[in-house]
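The values are calculated or read from the model by the stated rules, or taken from the named source; none is laboratory data. Predicted, not measured: the structure shown is a model, and the values here were computed from it. Positions of Cβ are generated from backbone atoms using ideal geometry, with glycine treated the same way; all protein chains shown enter the neighbour counts. Remember, those area values only see protein heavy atoms, side chains included, never the ligands or the DNA or RNA. Shrake-Rupley method; radii C 1.70, N 1.55, O 1.52, S 1.80 Å.
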Amino acid sequence: MTSPALDQLASRVQAAARVVARAPSSVRDDALRLAADLLDDEVASLLEANRADLEQAEEAGMPDAARDRLRLTEERVRAMASGLRKVVALPDPVGEVVEGWVRPNGLRVTRVRVPLGVVGVIYENRPNVTSDAAGLCLKSGNAAFLRGSSSALRSNQAVVALLRRAAVKAGLPEDAVALVEDTSHETAVAFMQLRGRIDCLIPRGGPGLIASLVEHATVPYVLDGDGNCHLYVDGAADLVMAHDLAVNAKTHRFGVCNAVETILVHRDVAERFLPDLAASLATAGVEIRGDERVRAVVPTATQATEDDFAREFLAPVVAVGVVDDVSGAIEHIARYSSGHSEAIVTSDLPTAERFVAEVDAAAVLVNASTRFVDGEELGLGAEVGISTQKLHARGPMGVRELTTLKWVVRGDGQVRR
């Protein structure tokens, strides 16, 4: 796609965004209900399109974890439809009065939620992001401007076609949801530089995409960063619970940002805890890379390097370390964390509260798997990304995070003296 063609598409999306912003909540909800119905009705055609993407990915030697993110199944398509219906059921954030007061001169001051406008989403592999992002954008009164990867092009085209049909049938512009079908690097960079067209850009992808965004983007963006997530097993942990949480957080799905990549274990429970954990992880095909104290208890573990503790593996590999106490765990996390999700397993309330207070991350969990740091699991219906930065939004981004605030001041002819 040439830059003029991309700008022309962006102009249409921008015009559509103004219509979506003033559309009643009922119309936006109708579009999402219709889209959900179409996803359910046309599972077969979606899976056929996805099958072509998967075959191309396999021929190109795409790793298993990446192909898992790309893969659609009937269950996943049904989940996409279910996700849209859950978004419909959420309160409409548009027009919500966040706060208000009356000044001594009689001015009535309020802050009101309004849509961002055009939300650009640039992402890799996952076709379910297409549905989730569009659904959240429409619910929050925004237009969804999507740019997926070449590996998922056919899948994304099929999903977007259904979303656009649903939008038109509900009375919204077709370009309320739009896909950039040119997947070249040059067009990706041009997409990141649509200043004045895109109001907020959200990336969902690996380190390469994030680095490219930081280097090239000239539009405002919210970083959906790496998920180098930790789980700390405290000396006061219920070890059966800790075992189950560690296995779930690591093995439930390898190629997702909320999977645990490092497990830290208090020295007092390492000898009791690590052998059983290692056996369960080995059964699940997970390679353990441990420090010296881990390898003394788990001889099959390979030597962990500095890079291993800093990595988001997105694969059946986990780094494991032994720490002296909760202070050691907090220091380790502060050094290596990407600020995504960090968990502690403990029955000691003061230790849990200290961990919650001192660990700097978008999400901190106590006695729960990091896999719950997900928009749908936290009651947001879905998410357009998980922000690991601190401005505007942090953590899973649902409908409220896709709005901004407008000052509305009402008076009766007041002038400033």
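Taking the criterion of being open to solvent by less than 20 Å² (accessible area, probe 1.4 Å), part of a helix (DSSP H, G or I) and not charged (D, E, K, R), would at least one residue in the stretch 361-378 satisfy it? Within the stretch 361-378, one or more residues are open to solvent by less than 20 Å² (accessible area, probe 1.4 Å), part of a helix (DSSP H, G or I) and not charged (D, E, K, R).
Test Val320 against the stated conditions and say whether it is at pLDDT 95 or above and either crowded, with 23+ Cβ neighbours inside 10 Å or in contact with a Gly (Cβ under 9 Å, 6 or more places away or on another chain) (or both). Considered against the rule, which asks whether it is at pLDDT 95 or above and either crowded, with 23+ Cβ neighbours inside 10 Å or in contact with a Gly (Cβ under 9 Å, 6 or more places away or on another chain) (or both), Val320 comes out as yes. I'd like the residue in the stretch 388-417 that is open to solvent by less than 20 Å² (accessible area, probe 1.4 Å) and in contact (Cβ under 8 Å) with a residue 40 or more places away in the chain and, out of all such residues, is nearest to the chain's Cα centre (by Cα). Top of the filtered list is Met397.
A search for C-beta distances below 7 Å between a residue of the stretch 56-82 that is open to solvent by less than 80 Å² (accessible area, probe 1.4 Å) and any residue that is β-branched (Val, Ile, Thr) and at pLDDT 95 or above, counting only pairs 6+ apart in sequence or on different chains, returns Val77/Val43.
Taking the conditions (1) surrounded by fewer than 16 Cβ atoms within 10 Å (Cβ to Cβ); (2) at pLDDT 95 or above in turn, Val94 satisfies each one other than (1). The single condition among (1) touching a helix residue (DSSP H, G or I) at 6+ places or on another chain (Cβ under 7 Å); (2) farther than 26 Å from Asp41 by Cα; (3) open to solvent by 10 Å² or more (accessible area, probe 1.4 Å) that Val119 does not meet is (3). The criterion of being under 21 Å from Val13 (Cβ atoms) and either open to solvent by less than 50 Å² (accessible area, probe 1.4 Å) or in contact (Cβ under 8 Å) with a residue 24 or more places away in the chain (or both) does not hold for Cys229. Remark: pairs (first residue in the stretch 363-387, in contact (Cβ under 8 Å) with a residue 12 or more places away in the chain; second residue open to solvent by 10 Å² or more (accessible area, probe 1.4 Å) and charged (D, E, K, R); Cβ separation under 6 Å; 6+ apart in sequence or on different chains) = Gly375/Glu383; Gly381/Lys86; Ala382/Asp132; Ala382/Glu376; Gly385/Arg204; Gly385/Asp224; Ile386/Asp224; Ser387/Arg394.
With respect to (1) touching a Lys or Arg at 6+ places or on another chain (Cβ under 8 Å); (2) surrounded by fewer than 17 Cβ atoms within 10 Å (Cβ to Cβ); (3) modelled with pLDDT of 95 or more; (4) not hydrophobic (A, V, I, L, M, F, W, C), the lone exception for Asp238 is condition (1). Checking the structure you have, find out if any residue of the stretch 15-30 is within 20 Å of Gln157 (Cβ to Cβ) and open to solvent by 40 Å² or more (accessible area, probe 1.4 Å). Among the residues of the stretch 15-30, not one is within 20 Å of Gln157 (Cβ to Cβ) and open to solvent by 40 Å² or more (accessible area, probe 1.4 Å), which makes the answer no. Among the residues examined, Pro203 does not qualify as under 27 Å from Gly398 (Cβ atoms), at pLDDT below 95 and open to solvent by 40 Å² or more (accessible area, probe 1.4 Å). If you check Leu209, Leu274, Leu264 for being in contact (Cβ under 8 Å) with a residue 24 or more places away in the chain and under 17 Å from the mean Cα position of the chain (by Cα), only one passes: Leu209.
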